[in-house]
Amino acid sequence: MKNKRSLLAIPYVGWMAFFVVAPIIMVVIYAFTTADFSFTGENFTRMGTFTVIFTRSFKLAIIATLVCLLIGYPLSYAMAKEGKGFQRVAMLLIMLPMWVNFLLRTYSMMSIMENNGLINQFFAAIGLFDLINNVFGTDIHYFKMIGTQGAVVVGMVYNYLPFMVLPIYSTLIKMDNTLLEAAQDLGADTATVFRKVILPLSLPGILSGVTMVFVPSVSTFAISRLLGGGIQMLLGDLIEQQFLGGAYNPHLGSAIALVMMVIVVACMWIMNRFGEGEEQAVML
Amino acid sequence: MSLNKKNSLGNRILIGVVFFFLYAPILLLIFYSFNAADSSVVWKGFSLRWYAKLFQNQLIIKSVYNTLLVSVLATLIATVVGTLSAIGLYSMRRKFREPLLTINNIPMMNADIVTGVAMCLFFVAALSGWNYLASHYRLIIDLFGTQYRVTFHQLSLGFGTLLIAHITFNIPYVILSVAPKLRQMDKNLVDAAQDLGCTWPQAFFKVILPEIMPGIVSGALIAFTMSVDDFVISYFTAGSSTSTLAMQIYSMTKKGVTPEINAVSTILFGVVLVLLIIVNVREIRAEKAAAKRVY
Amino acid sequence: MSKELIRLKDCVMAYDDGVVLDHINLYINDKEFLTLLGPSGCGKTTTLRIIGGFLTPTSGDVLFDGVRINHVPPHKREVNTVFQKYALFPHLNVYENVAFGLRLGKTVTNVVNGKSSAKKVKIPEAEIHKRVMEMLEIVNLKGFEKRSISALSGGQQQRVAIARALVNQPKVLLLDEPLGALDMRLRKDMQNELKRIQQEMGITFIYVTHDQEEALAMSDTVVVMDGGRIQQIGTPEDIYNEPKNAFVADFIGESNIIDGIMRADEVVEIFNRKFRCLDKGFDKDEPVDVVIRPEDVDIVAENQGQLKGTVTSVTFKGVHYDTIVDFYGFKWLIQTTEYHPVGTVIGIHLDPDCIHVMKKSEYSGMFGDYSSYSEEYEEIGDADYEPEEEENGHEE
């Protein structure tokens with residue numbers, strides 16, 4: 001009787017074979033072939049040309065992930081300490097911004113950070129630039145933010161912070177209070193309780209949060225295009241250009257995507273070794 | 001509430017600051033959708049002109065329609081397929097289930113751009129194969145001596161491929177949120193229902209479905225949100241003829257976004273906000289009523 | 001009382017990793033209270049699930065009223081189950097839980113030319129209401145109809161589960177460790193309650209438990225199982241007084257099991273001394289296991305006893321003292337109402353009807369020695385609820 005029930009999954013298994021597994025096999029095939037589909041390794045030997053972009057992508061993604069963790073963990077912790085009423089709306093409050101398209105939110109972010117945007121207007125209004133010009137003898141009227149790597153990181157943090165908060169918050173609110181009391185009873189002070197009990201128990205949440213921020217950060221192309229002013233090119237931009245952009249070459253694009261995927265999977269694997277045996281993907 | 005009861009002022013300030021950071025750009029965007037000027041920097045007084053203009057902008061209206069249509073269809077299909085698959089997967093032996101769940105996680109864990117280009121390559125290859133067949137063969141059906149010729153249409157990337165892509169990345173979210181409910185469910189419940197006279201389909205509708213309903217609802221909600229918010233995968237799978245709101249916005253960011261987009265986003269945001277508030281208020285009321293009934 | 005209702009013929013349940021039921025033969029009479037008793041993993045729940053229709057035996061037959069029902073699904077069997085941890089539907093209130101089976105309609109069976117065809121007929125709401133309320137009255141839950149399941153205590157949930165099963169008027173009620181999750185006092189009350197309900201309804205109960213006291217108190221027939229095999233079938237008195245092997249003797253109550261040799265009919269030799277007993281039919285000089293229940297031993301003065309031993313430990317148990325006595329290096333548990341301090345040398349007297357002789361079995365030498373008294377006692381006294389994970393894990 002139970003075996004029959006497992007047949008319910010068969011249609012989806014077929015679906016996955018077609019639309020999950022087959023496309024990835026296509027990427028692999030493209031990566032190892034030339035335009036006329038003869039085997040080549042050339043797509044990978046050309047990868048050296050893009051070292052700068054690879055380095056920049058991973059550097060910015062790692063920074064963005066760390067910033068998200070440094071903001072996201074204390075935030076989740078603070079939110080978990082709020083009462084039941086807040087818990088009900090907390091998830092919604094975090095998810096709600098996603099209902100305004102991220103491109104538009106990023107665009108709005110861009111207009112805030114522009115040379116004549118709100119932030120610079122605010123600084124001018126409080127006389128910050130006059131002060132600086134007087135002290136240092138310079139002549140600036142704005143901080144240039146768009147086009148810097150900092151702006152790209154801010155954009156990543158802004159867009160992906162919810163992905164860090166959700167899993168951490170949900171592991172924290174599920175934590176058994178008696179465990180904390182037991183630790184205190186056994187002589188642990190607040191800091192020790194945090195270090196020895198709360199932190200290890202929320203590790204699965206941290207790990208899935210890190211994954212969920214790092215992966216989109218390292219592969220984004222819209223954020224870098226908007227906030228990086230087109231000069232802070234990332235891996236995503238590079239791949240996009242090979243498929244839909246000017247430098248049309250899906251074989252090279254597949255190879256880049258494949259290399260990126262392999263590096264990401266390797267990072268995740270190493271990281272998950274860290275949290276040995278912990279459950280993965282606690283999004284909800 | 002698990003951690004210590006009392007929350008400090010510092011924590012409250014932290015929450016406030018971060019949520020300000022998250023919501024400021026959205027509030028600004030809403031604010032400027034009511035701006036009389038066509039700038040998002042200078043405020044020239046309250047006006048609804050962008051809302052009026054919005055409804056004349058066929059491109060935007062069409063893209064909103066596409067977005068909603070693909071999101072609703074993909075969510076419906078993904079919810080049904082995902083729920084049934086989750087039940088199927090959890091009736092399987094471990095050695096079959098584990099590898100399937102790993103594959104199921106791929107679209108969720110993989111970078112959107114990789115999923116997007118992979119599907120793009122696959123669709124292009126599949127469609128060119130189909131188009132080759134369609135241009136070289138036709139099906140001739142002999143029905144009671146009359147021959148019907150069936151010619152195949154040439155196909156290209158468009159709404160169909162967009163929908164398939166959305167269903168594919170939505171199903172894992174549904175499975176992920178239904179699975180815990182299935183695991184928590186007392187294994188004997190289905191046995192009990194059958195014991196009391198249910199056939200399996202009856203047991204499914206009368207017992208399993210009500211039990212896992214919260215998981216299905218939240219799965220559907222996440223799927224819908226992901227669909228509406230998606231840009232990257234749509235961008236690679238929709239082709240040039242079909243455009244979603246996100247794709248429309250992306251193409252506008254190159255030339256400059258007009259406040260009409262702010263207006264349409266404000267409307268969407270407002271609708272979702274109102275819906276969520278209604279749902280939550282009703283839930284709270286239902287809980288209070290239930291609490292009263294018990295004591 | 002004598003009509004046979006269910007018969008298991010040579011039932012085997014085997015999985016890739018072993019045999020769970022090993023050629024079970026069992027018949028169950030109408031209106032009988034039968035208990036499947038054994039430690040976890042013995043196959044009792046598997047047996048119950050085969051009768052309920054949740055498992056199909058690998059080989060062998062399941063007969064109901066003489067008809068083979070191996071492949072009849074649970075919803076077509078005239079059998080209802082009270083599950084471990086009750087399996088009440090959390091989304092329905094008490095009334096709706098009980099009404100669940102009735103709302104599915106009743107089966108009307110037409111027998112035409114020996115072939116029976118069944119179809120479901122809707123039961124009118126008024127009748128459903130009447131039957132649910134009657135049932136709730138029987139299980140003492142009147143006034144709880146509108147309660148949600150989560151607002152009930154364990155004992156109340158238990159009653160709902162029983163009502164939910166019985167309202168369908170099954171011929172047989174299967175109960176899978178139904179009292180396992182309840183505390184001591186409630187268990188005792190519910191035992192009486194169950195017995196009362198069974199007599200009131202006049203139907204067959206098949207009851208699974210690992211608690212021997214429960215089995216003895218409630219059953220007409222007890223089936224003792226271990227290792228996928230039936231060890232003994234009998235009335236509670238038979239099982240207690242005439243255990244067939246060391247396993248049964250040890251599992252049902254406390255027993256001292258000693259190696260003996262059958263010297264002749266009604267004469268057994270223990271510790272090189274001959275004792276009169278009531279057992280016969282053994283070979284001459286056949287090695288046997290001898291069971292002596294702790295409460296059957298009379299303590300007498302040192303010089304008047306048939307055997308002489310030293311008290312090594314005494315524990316007060318309320319009604320009696322558990323006294324451990326060392327006889328030639330073998331420790332017995334003796335239950336006495338008098339206090340004998342540690343170190344006292346005592347004699348004991350055994351009446352012939354206190355001695356029960358069993359054939360040697362695979363269990364010989366495994367049980368019945370109280371040398372490591374405290375640990376063993378704990379193990380036996382452990383009536384805690386242990387769900388039979390191993391058995392349930394095999395559902396595929």
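Derivation of every value follows stated rules applied to the coordinates shown; laboratory data play no part. Keep in mind it's a predicted model, so treat the numbers as computed, not measured. Here the Cβ positions follow ideal geometry from the backbone for every residue, glycine too, while neighbour counts run over all protein chains shown.
Quick notes
- Folded to 0 to 90 degrees: helix C:125-138 orientation relative to chain C principal axis, Cα: 20 degrees
- Dipole-positive endmost among C:PRO39, C:LEU21, A:THR192 within the protein assembly as shown (Cβ charges, Cα centre): A:THR192
- For chain A, the relative contact order comes to 27 percent (Cα pairs under 8 Å, sequence separation of at least 6).
- Folded to 0 to 90 degrees: helix C:154-166 orientation relative to chain C principal axis, Cα: 60 degrees
- Legend: mean number of C-beta atoms from other chains within 10 angstrom of residue C-beta atoms, peptide C:71-78, equals 4.
- Electrostatic dipole magnitude of the protein assembly as shown [Cβ: Lys, Arg +1; Asp, Glu -1; Cα centre; debye, to 20]: 5660 debye
- Pairs from B:LYS187/C:LYS31; B:LYS206/C:LYS119; C:LYS284/C:LYS308; C:LYS284/C:LYS331 whose Cα-Cα separation, in the structure shown, is over 23 Å: B:LYS187/C:LYS31; C:LYS284/C:LYS308; C:LYS284/C:LYS331
- Build a GNM of chain C with springs between Cα atoms under 10 Å apart, and of C:THR312, C:THR35, C:THR344 the one that fluctuates most is C:THR344.
- Peptide C:90-101 is shielded by partner chain Cβ atoms: per residue, an average of 3 of them sit within 10 Å of its Cβ.
- Subset of C:LYS76/C:LYS188; C:LYS122/C:LYS142; C:LYS76/C:LYS244; C:LYS76/C:LYS142; A:LYS4/C:LYS171 violating a 27 Å alpha-carbon distance limit: C:LYS76/C:LYS188; C:LYS76/C:LYS244; C:LYS76/C:LYS142; A:LYS4/C:LYS171
- When the protein assembly as shown is described by a simple charge dipole with +1 on each Lys and Arg Cβ and -1 on each Asp and Glu Cβ, the residue from B:THR225, B:THR146, B:ALA193 located farthest towards its positive end is B:THR146.
- Across region C:298-349, C-alpha contacts under 8 Å between residues 6 or more apart give a mean separation that, scaled by the residue count, equals a relative contact order of 50 percent.
- For a straight C-alpha distance cut-off of 15 angstrom, the aspartates and glutamates reachable from C:LYS85 (same-chain residues fewer than eight places away being disregarded) are B:ASP186, B:ASP191, C:ASP176, C:GLU177, C:ASP183, C:ASP384, C:GLU386, C:GLU388, C:GLU389.
- The protein assembly as shown: mean projected area of Cα convex hull, nm²: 58.5 nm²
- Reachable lysines, given that their alpha-carbon falls under 17 Å from the alpha-carbon of C:LYS9 and they are not under 8 places away in the same chain: C:LYS44
- Largest GNM mean-square fluctuation across A:GLU42, A:GLU114, A:GLU181, computed for chain A with C-alpha springs under 10 Å, falls on A:GLU181.
- Average beta-carbon neighbours from other chains, 10 Å sphere, peptide B:90-98: 4
- Pairwise inverse Cα distances across region A:48-99, averaged and inverted, put the Kirkwood hydrodynamic radius at 13.5 Å.
- Per residue, the convex hull around the alpha carbon atoms of region C:298-349 comes to 62 Å³.
- Cα shape, region B:1-135, gyration tensor, a/c 1.5 rule: oblate
- Span-like helix check, chain B: qualifying full DSSP H segments, with Cα axial length of 27 Å or more and mean Kyte-Doolittle of 0.5 or more, are B:9-33, B:58-90, B:112-136, B:159-184, B:209-229, B:259-294.
- Normalising the Debye intensity of region A:126-284 to I(0), with uniform scatterers on Cα atoms only, and taking log10 at q = 0.09, 0.13, 0.15, 0.18 Å⁻¹ returns -0.51, -0.82, -0.92, -1.08.
- Helical runs assigned H by DSSP (4 residues or longer) give chain B a calculated mean residue ellipticity at 222 nm of -25000 deg cm²/dmol, each run adding -39500 (n - 2.57) before division by the residue total.
- Lysine pairs with alpha-carbon atoms under 25 Å apart, region A:51-274, spacing 8 or more or separate chains: 5
- Helix C:94-103 and the longest principal axis of the Cα set of chain C meet at an angle near 70°.
- The residue list C:VAL290, C:ASN303, C:ILE149 was ranked by how far each Cα lies along the charge dipole of chain C toward its positive end, using unit charges on Cβ atoms, and C:ILE149 comes out on top.
- Projected onto its three principal axes, the C-alpha set of chain B covers 74, 60, 34 Å, listed from the longest axis down.
- Mean Cα-pair separation over length for chain C, i.e. relative contact order, pairs under 8 Å, 6 or more apart, %: 16 percent
- Between C:ASP298, C:ASP30, C:ASP250, the GNM of chain C built on Cα springs shorter than 10 angstrom shows C:ASP298 fluctuating the most.
- Chain A: C-alpha gyration tensor shape, a/c 1.5 cut-off, then a/b vs b/c: oblate
- Ratio Rg/Rh [Cα only; Rh per Kirkwood] for region C:230-292: 0.98
- Per-selection Rg to Rh, chain C - Cα, Kirkwood hydrodynamic radius: 1.05
- Computed about its Cα centre, the charge dipole of region A:51-274 is approximately 340 debye, with only Lys, Arg, Asp and Glu carrying charge at their Cβ.
- For region A:172-242, the alpha-carbon radius of gyration amounts to 1.83 times the rule-of-thumb value 2.2 N^0.38 Å expected for a compact globular protein.
- Stokes-Einstein D (µm²/s) once Rh is taken as the Kirkwood radius of region C:272-336 over alpha-carbon pairs, at 10 °C in 1.306 mPa s: 116 µm²/s
- Mean Kyte hydropathy of 1.0 or more with a Cα span along the axis of at least 15 Å, helices from DSSP in chain A: A:51-80, A:84-95, A:102-113, A:149-173, A:203-219, A:250-274
- Pairs of alpha carbons in region C:185-255 whose separation is greater than 19 Å (percent): 35 percent
- For region C:224-283, applying the loop criterion from DSSP together with a ceiling of 12 other beta carbons within 10 Å to the trypsin sites (Lys or Arg not before Pro) yields C:LYS280.
- Calculated on C-alpha atoms, the gyration radius of region C:1-132 divided by its Kirkwood radius gives an Rg/Rh of 1.01.
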